[in-house]
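Below is one structure, written out as structure tokens, with a few remarks after it.
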Amino acid sequence: MSAPALPAALRPRLLGRTVVNTVAGIAVLYTLLPVLWLVLASAKDQDALSGSDILSLRGFSFLPNLRELFATDHGIFGRWYVNSLLYAVLGGALSALISIACGYAFDKYRFRHKEKLFGLVLAAVMVPQTVLALPLYLVASSAGLVNTFWAVFIPVLFNPFGVYLGRIFSEGYVPGEVLEAARIDGASELTAYVRVALRMLGPGLVTVFLFQLTAIWNNFFLPMVMLSDQKLYPVSLGLYTWNSSATVSPEYYPIVIMGSLLAVLPLIVAFILLQRFWRSGLTAGAVK
């Protein structure tokens, strides 16, 4: 006896659900398989990597690879890691504060040519960062900052997309009535912003910070243009130099893979710890 046919109204719904689940599954695999390969490959020695034998149990060398990573070239990887943390964490935090403050000013204050200036901010969002690397180099060269920490740190403090998000968050999270009440109570503009508005903008601040943290941590072209001293390199540029050397010296391959694994950990930790604020920040303005 054949099974009863599904109602016609349910067929499109089930078909749509199947398509969505299939696409989501492919996206998850596309995202996780490279990370899984990185985890497995980081625990293999040079012979296992050369033979593409990362699924077997032989050639396990996780701890030796980790020790070799921090011993190669007099332990310079640790210096690169600290540099990246300074560039990304400190730079991302200051950039988020600047972006939120600028977005708040665009939202809450009236001044001449406000919308025209904001239009320039939106236009700057469209400009790829790699296009700005050479002009920034020329500016840094004229200021005597080339091959210094500041040559990489100062440019990452200003993020047009963060200013745009700051205005969106200010519109969605900071009611004008609250600020007016603070002014009536005698609060100055700076006090109203720091003690009232900035607390409401917490989810937006975290969201902008995460975006900027990711962008700075993965920044490669700007440090390559600005820096020649390897002690100032971030992790991304340092691993690139080692990977270039691996074509001549294959012993670099295991430490490059181990370094790549350690390089993604801060981003994963940041997103896990701050995901609650990030999720709420993404819904800014969605509900009135």
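The values are calculated or read from the model by the stated rules, or taken from the named source; none is laboratory data. What you see is a predicted model; the values in this text were computed from it and never measured. With ideal geometry, Cβ positions are generated from the backbone for all residues, glycine too; neighbour counts draw on all protein chains shown. Heads up: the accessible areas ignore ligands, DNA and RNA and are worked out on the full protein's heavy atoms, side chains in. Shrake-Rupley method; radii C 1.70, N 1.55, O 1.52, S 1.80 Å.
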**OP:** Name the long-range amide H neighbours of K44: under 5 Å, sequence gap of 5 or more, or other chain; modelled H, no Pro or chain starts.
**Re:** S61
Original post:
Among 94-101, 29-36, what's the highest-first ranking by average C-beta atoms within 10 angstrom per residue?
Top reply: 94-101, 29-36
Subject >> the stretch 62-118: trypsin sites (Lys or Arg not before Pro) in DSSP coil with no more than 10 other Cβ atoms inside 10 Å >> reply: R110, R112
Original post:
If the convex hull of the alpha-carbon atoms of the stretch 22-151 is projected onto planes in all directions, what is the mean projected area in square nanometres?
Top reply: 14.4 nm²
Subject >> Sequence ranges 256-264, 176-184, ranked by mean other-Cβ count within 10 angstrom, highest first >> reply: 256-264, 176-184
Original post:
So what's the stretch 75-185 giving for Cα Rg divided by 2.2 N^0.38 Å, two decimals?
Top reply: 1.34
Original post:
Rounded to the nearest 500 deg cm²/dmol, what is the calculated helix-only ellipticity per residue at 222 nm for the chain, with -39500 (n - 2.57) per DSSP H run of length n ≥ 4?
Top reply: -22000 deg cm²/dmol
**OP:** Enumerate the aspartates and glutamates that K116 could reach by cross-link, defined here as Cα to Cα under 20 Å, with residues fewer than 8 away along the same chain left out.
**Re:** D107, E171
**OP:** Over the stretch 182-248, with every protein chain in place, what whole percent of the accessible area is carbon and sulfur at 1.4 Å, could you tell me?
**Re:** 60 percent
Subject >> Selection from P64, H74, L267, by position along the positive dipole direction of the chain (Cβ) >> reply: L267
**OP:** Set the Förster distance to 25 Å, then compute FRET efficiency between Q230 and A71 from the Cβ-Cβ distance, nearest 0.05.
**Re:** 0.95
Original post:
Just how much of D47 is accessible, in Å², when a 1.4 Å probe is used and the result is rounded to the nearest 10?
Top reply: 110 Å²
Subject >> Positive-end residue of N219, A43, A124, charge dipole of the chain with Cβ unit charges >> reply: A124
